[in-house]
Amino acid sequence: MFNLRNSLLLRTQAFIDGEWCNADTHKTFAVKNPATGEIITQVADLGVTETRRAIVVAARTQQVWAQKTAKERSQLLRAWFDLVMQHQDDLAQILTIEQGKPLAEARGEIAYGASYIEWFSEEAKRIYGDVIAPPSVDQRILVIKQPVGVVATITPWNFPCAMLARKIAPALAAGCAVVAKPAAETPLSALALAFLAQQAGIPGGVINIVTGADSAAIGSELTGNPLVRKLSFTGSTAVGKQLIQQCAPDVKRITLELGGNAPFIVFDDADLDAAVAGAMVSKFRNAGQTCVCANRFYIHRSVYAQFSEKLIAAMNLLSVGNGMGEGVSVGPLISLAAVKKVQVLVDDALARGAHIAYQATLDLTEAAQGNFYPPTLLLNVSPDSALTRQEIFGPVAGLIAFDTDQQVIAFANDSEFGLAAYCYTQNAKRIKHLSEVLEAGMLGINTGIISNEMAPFGGIKQSGWGREGSLYGIDDYVSVKYLCERF
Ligand code: NAP
């Protein structure tokens, strides 16, 4: 199944205190290839006891790690980044086989994830404090920033490399140690990253990877153990809300990157070819399984027909299949349950008056084995359908016509989510207005791709708290301490 240049990257044991280990019970769980349904391998199935051990290790190691100079931490992170990029092809292969996305996209995710390690290797040296004007001349006010301590991370399967890298890298840069729980669907990418961190010389115990199928049990230890000072979670809003409650007794700090429901608005003055290109990348990347995917398309009535024709032409060029296959642009969904969920949303939209304007044909043999859903375009979608209210997480685009700016702004903001939004228009005055009134943490203006390590990624409303990446990304991993000196 694998053709790795460095077969050591394929790890099946958890990683605690710099050691590769089995579960105390010797239990394992199966990791499956979503494109074929085949079992890739068995991975150590840890529980509460091993998680607690990892937390104790991290608490001890963090004290030592925080004593390293910023430059030492920076150099180790840089060495890790270099190794990740040197192993980009192998890591991409592991990612595609466990997650499903096309190999070219997986290579992109490895580079994207690595860019956070590179960025925070640089930011490690720029964690500045302040000197503030005091209220009297015999005083001095200093502000220093200190690592929050042990950080627990819980990450999803849709970006198994990048979501982990953009949490671990700022944590390490700030002087924190990490206990990470990757999604049970995709633990192999996390373990490969940990292996390269070890090779880069990052001391044992600074990064600990707890693999396990019982996420609720591991999660309750990560949130309930007082040695953990912060949780950084990326995943669904429902689980995020539960974790907030679990962190409340200790008043743990939390960063939450939760669900989205991005509106994609095309105005009458838009460059329609650019809008279609943006829609394709925003909607169909990762088979529609990204938190910033365009989820609701609002198209001005005067360009609705033209936009949908162009979109159908572009969708016709998509090639669905096993992500390891040549020229494949849309892989499988993560599970059969995900396929069924998408179908429920489509059926609801159809029942409320939508119709299918385009649906790709699937290779039946492959579809029978893997979790594929055909790229689909729905027209005349009702604004009240579940398709526009919930995250689709599949390759389905639903178009809604609008007539006025005021109407579309109301449509766009009518959601409990506020992660990403996209708009296509040439009108500078309208861009300024949209920038101010659209309720989202991130706004793509004439672009469908918004995320990079230099920009602050995150949402408002029920899409989360905190920002990842950028100069703001370190803030979530440091505490501000104010020193009042009197002379
Ligand atoms: P999920 O069910 O919330 O799972 C995310 C992670 O939480 C996984 O590691 C999962 O482990 C773990 N988990 C589940 N239940 C838990 C519990 N009770 N206690 C502790 N951990 C628990 O989300 P998903 O469906 O896998 O991921 C997709 C979601 O992530 C979407 O909503 C998407 O929008 C969001 N997302 C957001 C961002 C962002 O930056 N805002 C980025 C990517 C994805 P197991 O899988 O092992 O159960």
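Overview of results
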read-out: Selection within segment 403-424 - surrounded by fewer than 22 Cβ atoms within 10 Å (Cβ to Cβ) and closer than 20 Å to ASP271 by Cα; value: ASP403, THR404, ASP405, ILE409
read-out: Among the candidates LEU188, LEU243, LEU222, residue that is within 27 Å of ILE97 (Cβ to Cβ) and either near the ligand (Cβ under 7 Å from one of its atoms) or not in a loop (DSSP other than H, G, I, E, B) (or both); value: LEU188
read-out: Single residue of GLN359, GLN369 found to be more than 26 Å from SER463 (Cα to Cα), touching a Gly at 6+ places or on another chain (Cβ under 6 Å) and more than 16 Å from the ligand (Cβ to nearest atom); value: GLN369
read-out: Of all residues making up segment 458-481, the number that are in contact with a helix residue (DSSP H, G or I) (Cβ under 6 Å, 6 or more places away or on another chain) and away from the ligand (no atom under 13 Å from the Cβ); value: 3
read-out: Scan of segment 225-235 for residues that are in a loop (DSSP other than H, G, I, E, B) and touching a residue at least 40 places away in the same chain (Cβ under 8 Å), ordered by number; value: ASN225, LEU227, GLY235
read-out: Residue identified as outside the structural domain of LEU333 (by TED's automatic domain parsing) and without any contact (Cβ under 8 Å) to a residue 60 or more places away in the chain among ASP475, ASP414, ASP384; value: ASP475
read-out: Considering residues of segment 428-444 that are surrounded by 14 or more Cβ atoms within 10 Å (Cβ to Cβ) and under 23 Å from GLY259 (Cα atoms) only, the residue farthest from the chain's Cα centre (by Cα); value: LEU434
read-out: Failed condition for TRP157, given (1) buried (at least 24 other Cβ atoms within 10 Å of the Cβ); (2) within 20 Å of the chain's Cα centre (by Cα); (3) touching a residue at least 60 places away in the same chain (Cβ under 8 Å); value: (1)
read-out: Qualifying residue in segment 350-363 (condition: assigned to a helix (DSSP H, G or I), under 22 Å from the mean Cα position of the chain (by Cα), among the small types (Gly, Ala, Ser) and modelled with pLDDT of 95 or more); value: no
read-out: Test: residue in segment 269-276 that is surrounded by 24 or more Cβ atoms within 10 Å (Cβ to Cβ), within 23 Å of ILE445 (Cβ to Cβ) and of a type outside the set (Val, Ile, Thr); value: yes
read-out: Residue satisfying condition, being of a type in the set (A, V, I, L, M) and free of Cβ contacts under 8 Å to residues at least 40 places away in the same chain, within set VAL137, VAL178; value: VAL137
read-out: Within segment 248-261, considering residues that are surrounded by fewer than 20 Cβ atoms within 10 Å (Cβ to Cβ) and without any contact (Cβ under 8 Å) to a residue 60 or more places away in the chain, the one farthest from the ligand (Cβ to nearest atom); value: VAL251
read-out: Every residue from segment 278-307 that is surrounded by 21 or more Cβ atoms within 10 Å (Cβ to Cβ), away from the ligand (no atom under 16 Å from the Cβ) and not hydrophobic (A, V, I, L, M, F, W, C); value: GLY278, TYR298, HIS300
read-out: Qualifying residues in segment 195-215 (those that are assigned to a helix (DSSP H, G or I) and either closer than 25 Å to GLY458 by Cβ or within 18 Å of the chain's Cα centre (by Cα) (or both)) - the one nearest to the ligand (Cβ to nearest atom); value: SER215
read-out: Selection status of THR388, at pLDDT below 95 and hydroxyl-bearing (Ser, Thr, Tyr); value: no
read-out: Condition met for LEU172 (away from the ligand (no atom under 16 Å from the Cβ), closer than 30 Å to LEU103 by Cβ and in the same structural domain as GLU50 (by TED's automatic domain parsing)); value: yes
read-out: Set VAL151, VAL143, VAL137: member being over 23 Å from ASN286 (Cβ atoms), among the β-branched types (Val, Ile, Thr), within 16 Å of the ligand (Cβ to nearest atom) and not in a helix (DSSP H, G or I); value: VAL151
read-out: Residue count for segment 322-347, restricted to those that are charged (D, E, K, R) and under 28 Å from ASN3 (Cβ atoms); value: 1
read-out: Checklist (1) surrounded by 22 or more Cβ atoms within 10 Å (Cβ to Cβ); (2) more than 7 Å from the ligand (Cβ to nearest atom) applied to THR234, failing item; value: (2)
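The values are calculated or read from the model by the stated rules, or taken from the named source; none is laboratory data. Since this is a predicted model, take the numbers as computed values, not measurements. Every residue, glycine as well, gets a Cβ built from its backbone with ideal geometry; the counts of neighbours run over all protein chains shown.
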